[in-house]
Amino acid sequence: MTAKHQLSYSKPFTLCFCVSLSYSFSFFLYPHYPSVQMGDNMVDQSSPMRVLVTGGTGLVGRAIEHVVKEEGGAREGEEWIFLSSKDANLMDMGETQAVFLKHQPTHVIHLAAMVGGLFKNMRANLDFWRNNIYINDNVLQAAHEVDAVRVVSCLSTCIFPDKTTYPINETMIHNGPPHESNFGYSYAKRMIDIHNRAYHQQRGRCYTAVIPTNVFGPHDNFNIEDGHVLPGLIHKAYIAQKEGSPLVVWGSGTPRRQFIYSLDLARLFLWVLREYPEVDPIILSVGEEEEVSIKEAAEGVVEALGFKGQVTYDRTKADGQFKKTASNAKLLRYCPNFTFTPFKQALKETCDWFVANYDTARK
Ligand SMILES: NC(=O)c1ccc[n+]([C@@H]2O[C@H](COP(=O)([O-])OP(=O)(O)OC[C@H]3O[C@@H](n4cnc5c(N)ncnc54)[C@H](OP(=O)(O)O)[C@@H]3O)[C@@H](O)[C@H]2O)c1
């Protein structure tokens, strides 16, 4: 999975120039979009893109919408369509084909998925496997049928082998079984990589995938039982603050995670859609040195919310995989100047958003 999966460009590949960003800072000053050769199909990408975003109402989808609409991420003439499950149930092939036929996208960002934290995964591996397999197979085939030239799907660093060496890199996805807590989600997500390789080999398509670490930000799912660790902690700390009770962190607090702010991920997603030339996936993550323990993450939440109460650890709850330290070396080779929003700042913005939107936030 190396050079043979790279596309050849009619012009030299343009390097991205990602720069330091704040929530509202616009940086999308990309050079002219090159033409991409795919087998016998010469695709003129100088005409404006029509981008369909599946899962457009979720955490990542809403961040991409913000970057496109509020930070100047869209270029003149481009059309961006953000889908929710109400527009089409993507587990159903007929509904998927109908929504793709309706919008005729030239490009697709595929985010829609059954998503959840450790405890939801442990309860529903079968559902995670089946639902995600159906969604991914339907979306990629429907995109191919309407002749979409580019699909960027979303994997996750939590799908990598449980027993591995660190740091994890893009070549290691299929090197062994995933952690048993989320094997349904993991194997379903890994199959996107198989899809992409096969669509390239047999149909000449340049469909690819990104591999983010744990994502957090505004519009996350703050449900305590089903959500991911950070939004769950934020919600629990918010309630504990109100009730004057201790904040109970589930597990020992020792596992380590890399977190990426949804706005940073969104900015990188646009770069991948426009510029990244490979079928092989790319890890989108902060550096290895930015990895924090769950205890440090909880302390960050406590500080961001100004929580004054006691913090305890419920060691009867599962910890999940101890760490999944991922290398962002490939990303840095392409985007050496990209600067991530500092974790504390991103956490503060997320907590502020949650407090301000408590009544309507997903929880
Ligand atoms: N969150 C993370 O930490 C994380 C980490 C790594 C990778 N990822 C990946 O990033 C992508 C986006 O995740 P997210 O956190 O933004 O998820 P999310 O907030 O849970 O949003 C999921 C999105 O998928 C849509 N969806 C779910 N089932 C659907 C169906 N059957 N048909 C059509 N649409 C459906 C939802 O639509 P409704 O709003 O209508 O329900 C929603 O827009 C996913 O592929 C996920 O695997 C997430």
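At a 1.4 Å probe radius, carbon and sulfur cover how many percent of the accessible area of the range 230-338?
C and S fraction of accessible area: 49 percent.
Top mean-square fluctuation among Phe307, Phe128, Phe183, Gaussian network model of the chain, C-alpha springs under 10 Å?
Comparing Phe307, Phe128, Phe183 in a Gaussian network model of the chain, the most mobile one is Phe307.
For the pairs Lys236/Lys317; Lys120/Lys189; Lys236/Lys348; Lys189/Lys344, flag any whose C-alpha to C-alpha distance is greater than 18 Å.
Over 18 Å Cα-Cα: Lys189/Lys344.
Could you state, as a whole-number percent, how many of the C-alpha pairs of the range 49-184 are farther apart than 19 Å?
Here the tail beyond 19 Å accounts for 56 percent of pairs.
Just the accessible area for His228, please: 1.4 Å probe, Å², rounded to the nearest 10?
For His228, solvent-accessible area is about 60 Å².
For Asn214, list long-range residues whose amide hydrogen, built 1.01 Å from N in the peptide plane, is under 5 Å from its own amide hydrogen.
Here the answer is Gln258, Ile260, since their amide H atoms fall under 5 Å of that of Asn214.
Per-residue HN-Hα couplings for the range 284-291, Karplus 6.51 cos²θ - 1.76 cosθ + 1.60 at θ = phi - 60°, whole Hz, x for Gly and Pro?
For the range 284-291, the Karplus curve yields 10, 8, 5, x, 4, 6, 8, 4 Hz.
Taking a probe of 1.4 Å, how large is the accessible area per residue of the chain, in Å²?
Here the per-residue accessible area is 42 Å².
Let's see if you can work this out: charge +1 on each Lys and Arg Cβ, -1 on each Asp and Glu Cβ, no other charges. What is the dipole magnitude of the chain about its Cα centre, in debye to the nearest 20?
440 debye
How big is the convex hull of the Cα atoms of the chain, per residue, in Å³?
Considering the Cα atoms of the chain, their hull volume per residue is 127 Å³.
Select from Ala326, Ala298, Ala98 the residue whose mean-square fluctuation is largest in a Gaussian network model of the chain (Cα-Cα springs shorter than 10 Å).
Highest fluctuation among the options: Ala98.
What does the helix-only formula give at 222 nm for the chain: each DSSP H stretch with n ≥ 4 adding -39500 (n - 2.57), the total divided by the residues, and the result rounded to the nearest 500 deg cm²/dmol?
Result for the chain: -11500 deg cm²/dmol, rounded to the nearest 500.
Hey, what did the range 101-228 get for relative contact order, percent, Cα under 8 Å, at least 6 apart?
Reported as a whole number, the value is 33 percent.
With +1 on the Cβ of every Lys and Arg and -1 on the Cβ of every Asp and Glu, and nothing else charged, how large is the dipole of the range 214-363 about its Cα centre, in debye rounded to the nearest 20?
My answer is approximately 140 debye.
Given axes a ≥ b ≥ c from the Cα gyration tensor, I'd like to know whether the range 91-168 is rounded (a/c under 1.5), prolate (a/b larger than b/c) or oblate.
In terms of gyration-tensor shape, oblate.
Bin by bin, in steps of 10 Å, what percent of the Cα pairs in the range 230-363 do you find, going until the bin that has the longest distance?
Computed distribution, short to long bins: 11, 36, 32, 17, 4, 0.
Which cross-chain or sequence-distant (5 or more) residues have an amide H under 5 Å from the amide H of Arg362, H modelled 1.01 Å from N in plane?
Here Phe222 satisfy the definition.
Pick from Asp87, Asp137, Asp280: which is most flexible by mean-square fluctuation in a GNM of the chain where alpha carbon atoms under 10 Å apart are linked?
Result for the chain, Cα springs under 10 Å: Asp87 fluctuates most.
As a test of reading the structure, rank Lys330, Lys163 by solvent-accessible area (1.4 Å probe, protein chains only), most first.
Solvent-accessible surface, decreasing: Lys163, Lys330.
How many nm separate the modelled label positions at Glu290 and Asp314, each set 7 Å beyond the Cα in the direction of the Cβ?
Going from the Glu290 label point to the Asp314 one covers 3.0 nm.
Would you mind calculating the gained length between Met122 and Glu70 on full extension (0.36 nm times residue separation, minus the Cα-Cα distance), in nm to one decimal?
Using 0.36 nm per residue and subtracting the Cα-Cα distance, I get 15.0 nm.
Roughly what % antiparallel, to the nearest 5, for the DSSP beta bridges in the chain?
In the chain, DSSP labels about 25 percent of beta bridges as antiparallel.
If amide H atoms are built 1.01 Å from N in the plane of the peptide, which residues on other chains or at least 5 residues away come under 5 Å of the amide H of Ala112?
Result for Ala112 returns Thr54, Gly55.
The values are calculated or read from the model by the stated rules, or taken from the named source; none is laboratory data. This one's a predicted model, so the numbers in the text were calculated from it and none came from an experiment. For neighbour counting, all protein chains shown are included, and Cβ atoms are generated from backbone atoms with ideal geometry for every residue, glycine included. Just the protein is used for accessible areas: all its heavy atoms, side chains included, with ligands, DNA and RNA removed. Shrake-Rupley method; radii C 1.70, N 1.55, O 1.52, S 1.80 Å.
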